[in-house]
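What follows is a set of notes on a single structure, which appears directly below.
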Amino acid sequence: MQRRFSEVFSDYVFYIALPVEIFLATSSSGRTGALEISHYLQSYALSIVMLWGIVALIYKYFFAFGVAEIGFNFIAIGQTNTAFLAAPIFILLFGDSSLVAPIIFFQSAILTSLAVMVIEYPVGAYVSFSFSLKKILLNSIKNPLIISALVGFAISRVTPSFYSSENFFTHTLQMIAHTAAPMALLALGASCYGERIGEMSRKEVYEILSGVMIKSIAHPILSFIIGKYVFHLSPTLLLAVVLISAMPSPKNTFILAKSYNFNVQKFNIILIGSTGVSFFSINLIAFLF
């Protein structure tokens with residue numbers, strides 16, 4: 001029953017409320033220049049490259065992981081929960097989720113595709129560039145958050161006054177968009193309900209602790225250093241990139257672990273652990289900035 005409850009909330013947020021909110025946010029965006037957004041996204045991308053390097057080194061040499069499991073850790077530890085936690089927090093702090101949209105596109109279209117190719121690489125099939133590009137495009141088309149962001153961006157260029165127009169259609173969209181933040185948090189909370197935790201070996205405990213620390217501590221520190229000293233981001237964008245890096249593991253970790261027959265319990269604990277730590281780290285970051 002609880003699992004169905006979580007799925008209903010998650011589907012509403014992912015397929016309806018959040019796409020509408022992102023569409024409205026991107027259709028009205030214009031306060032931040034394209035160059036600044038580019039530096040913001042590059043800061044996040046460079047932090048991910050460094051984070052993936054740390055994950056690969058630690059899990060290969062300390063825990064003797066194979067290529068496939070390292071690839072899955074690129075998702076579980078090397079990505080963030082954009083839709084169900086970053087979006088509502090950005091709405092509360094910045095007024096909308098427009099700064100989340102480019103990260104959603106980058107993660108869904110690029111990072112997830114690369115990580116999945118690493119996971120499937122041990123099968124032995126050669127992955128061509130054209131196949132990789134096709135997979136990235138398919139992932140983009142299937143993601144309603146990416147489509148809504150692209151449509152919103154196009155609308156902002158064709159009819160800049162769309163968002164400010166007062167009519168029944170825009171009022172209805174705004175009403176739906178206002179439900180995105182609270183419903184996303186409800187969906188996240190419901191998804192944390194799980195089965196009883198079984199016994200774990202000491203090695204698995206160390207793996208979990210390492211994953212939570214890398215995700216919750218190392219990632220935001222890397223993003224701060226890169227954003228401040230490499231790309232010289234404005235205070236608002238620096239706060240945004242550090243905040244989004246402090247978000248917990250992505251919510252789809254549990255589902256993907258089942259799909260690829262990894263240790264579901266271990267990755268679910270990493271998800272819940274990083275979510276718990278993020279509640280403290282996000283408040284600390286907001287206070288310090």
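When the range 249-289 is examined, which residues are found to be outside any helix (DSSP H, G or I) and surrounded by fewer than 19 Cβ atoms within 10 Å (Cβ to Cβ)?
Residues satisfying the conditions are TYR260, ASN261, PHE262, ASN263, PHE289.
Looking at the range 216-248, which of its residues are among the hydroxyl-bearing types (Ser, Thr, Tyr) and outside any helix (DSSP H, G or I)?
Once the filter is applied, which keeps residues that are among the hydroxyl-bearing types (Ser, Thr, Tyr) and outside any helix (DSSP H, G or I), the range 216-248 yields only SER234.
Being within 16 Å of PHE289 (Cβ to Cβ) and surrounded by 15 or more Cβ atoms within 10 Å (Cβ to Cβ) is the filter here, so list the residues in the range 208-224 that pass it.
PRO220, SER223, PHE224 - these are the residues of the range 208-224 that are within 16 Å of PHE289 (Cβ to Cβ) and surrounded by 15 or more Cβ atoms within 10 Å (Cβ to Cβ).
So VAL205 ticks every box in (1) among the β-branched types (Val, Ile, Thr); (2) surrounded by 14 or more Cβ atoms within 10 Å (Cβ to Cβ); (3) farther than 18 Å from TRP52 by Cα but one. Which box is left unticked?
Status for VAL205: all satisfied but (2).
Here's a check for you: in the range 53-111, which residue that is in a loop (DSSP other than H, G, I, E, B) and of a type in the set (Ser, Thr, Tyr) is modelled with the highest pLDDT?
The initial filter retains those residues of the range 53-111 that are in a loop (DSSP other than H, G, I, E, B), namely 62-66, 77-81, 95-100.
Now drop any that are not of a type in the set (Ser, Thr, Tyr), which leaves 80, 97-98.
On the way: THR80: 88, SER97: 77, SER98: 79.
Applying the filter and picking the extreme gives THR80.
Are there any pairs with C-beta distances below 6 angstrom linking a residue in the range 87-107 that is surrounded by 19 or more Cβ atoms within 10 Å (Cβ to Cβ) to a residue that is of a type in the set (D, E, K, R), with the two at least 6 apart or on different chains, and if so which?
Qualifying pairs under 6 Å: SER97/GLU21.
The values are calculated or read from the model by the stated rules, or taken from the named source; none is laboratory data. Since the structure is predicted, the reported quantities are computational estimates derived from the model, not experimental observations. Positions of Cβ are backbone-derived with ideal geometry, glycine not excepted, and every protein chain shown enters the neighbour counts.
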